[in-house]
1. Need one word for segment 180-259: rounded, prolate or oblate. Basis is the Cα gyration tensor (sqrt eigenvalues a ≥ b ≥ c); a/c below 1.5 gives rounded, then a/b vs b/c decides.
2. Place a +1 charge on the Cβ of each Lys and Arg in the chain and a -1 charge on the Cβ of each Asp and Glu, then give the dipole magnitude about the Cα centre in debye, rounded to the nearest 20.
3. Under the Cβ-under-4.7 Å rule, which cysteines of the chain stay unpaired?
4. Is it possible to state the helix-based mean residue ellipticity at 222 nm for the chain, with each DSSP H run of 4+ residues giving -39500 (n - 2.57), the sum divided by total residues, to the nearest 500 deg cm²/dmol? What is it?
5. For an R0 of 22 angstrom, estimate the FRET efficiency from the Cβ-Cβ distance between Leu163 and Lys103 and round to the nearest 0.05.
6. For segment 1-116, max minus min Cα coordinate along each principal axis, in Å, sorted largest first?
7. Quick check on the exposure proxy: order Met63, Met101 from fewest to most C-beta atoms within 10 angstrom.
8. What ranking do Trp217, Trp175 get, fewest neighbouring Cβ atoms within 10 angstrom at the top?
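All of the numbers you see were taken from the coordinates with simple rules; none came from a lab. Every value quoted in this text rests on a predicted model; they were computed, and no experiment measured them. Positions of Cβ are generated from backbone atoms using ideal geometry, with glycine treated the same way; all protein chains shown enter the neighbour counts.
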Amino acid sequence: MKNVIYYFTGTGNSLAIAKKIAAALGECELVPLSSLTAAQKIAPVADRVGIVCPVYFLGLPLMVAEFAGRFDRSQAGYTFAVVTYGGSGSEPTLRQLDAAMKKQDSRGLDAGFSVKMPGNYILMYDPLSKETCDNLFAAAKQQLAEIVSVIGKSEHKPLPRSLAGSLIHTIAYPWFVSHARTKSREFTVSDACTSCGTCAAICPADNIELVEGRPVWKDRCEVCVGCIQLCPAQAIQAGPKTAQRSRYHNPEIALAELKKTRQ
Ligand SMILES: Cc1cc2nc3c(=O)[nH]c(=O)nc-3n(C[C@H](O)[C@H](O)[C@H](O)COP(=O)(O)O)c2cc1C
């Protein structure tokens, strides 16, 4: 059985989940979406193809939405998606992915799942305590066993539905789409910057260039907040509130693994 999992991650939650599913399935190729060029054909030949990504504003990260729009599943067998999220909005996200895939091929997703992980949107809130994160990781571990059992048998699973989620999606997601690319214009770097280049190396959108040792953001931000969360000097801020907030990234994912996601 050949398996392929495409993933998008900012702070490692989705990569941690993708890696666990890959390990449980065996014979699985893990492909970062950030490694695909815009011109590249996406037509995996595999028995099972999965997509793992976070929920952004009750919808898909832009890069994932674009990927879904050009995903050719004609040579893929079973398809599944797992979205990681911090609070709510997984249902409309899975449905958005399914609808985008159905525009290419009427089959859409065979199964969709959501896994609650620590929320990472530092622009809006403080990170959770270590204890709360550990509880979420323990719950996710149990849930993953069930998810892998369904995927392992290539079982069909109806996508979850939330009327409230769909309604909020129709309001919040268009706002995200229209603001995301330029969101990094709000990002600043302080004198604490050591010019280490971590921000540029981990950016999945290749949106950061070092100019005279300092990050300069272009206008293709995904708002993954990886640059803010993973800066070793905590030198990157977005507005006045992030300086007081501590940083989060998934503890199971090494910085080097996030760096690999860049082309
Ligand atoms: C821009 C942005 C928007 C987000 N929107 C939502 C949301 O609508 N609902 C939710 O539950 N979590 C939301 N989150 C939290 C992430 O979905 C969650 O922390 C996810 O696990 C992060 O995955 P990653 O570590 O792979 O990047 C958002 C995070 C970011 C950065």
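1. Working: a/c = 1.20, a/b = 1.09, b/c = 1.10.
In terms of gyration-tensor shape, rounded.
2. 260 debye
3. Cys28, Cys53, Cys133, Cys193, Cys196, Cys203, Cys221, Cys224, Cys231 - these cysteines have no disulfide-compatible partner (Cβ-Cβ under 4.7 Å) in the chain.
4. Computed ellipticity for the chain at 222 nm equals -10500 deg cm²/dmol.
5. Result of the calculation: an efficiency of 0.45.
6. 35, 31, 26
7. In order of increasing Cβ crowding within 10 Å: Met63, Met101.
8. Ranked by crowding around the Cβ, least crowded first: Trp175, Trp217.
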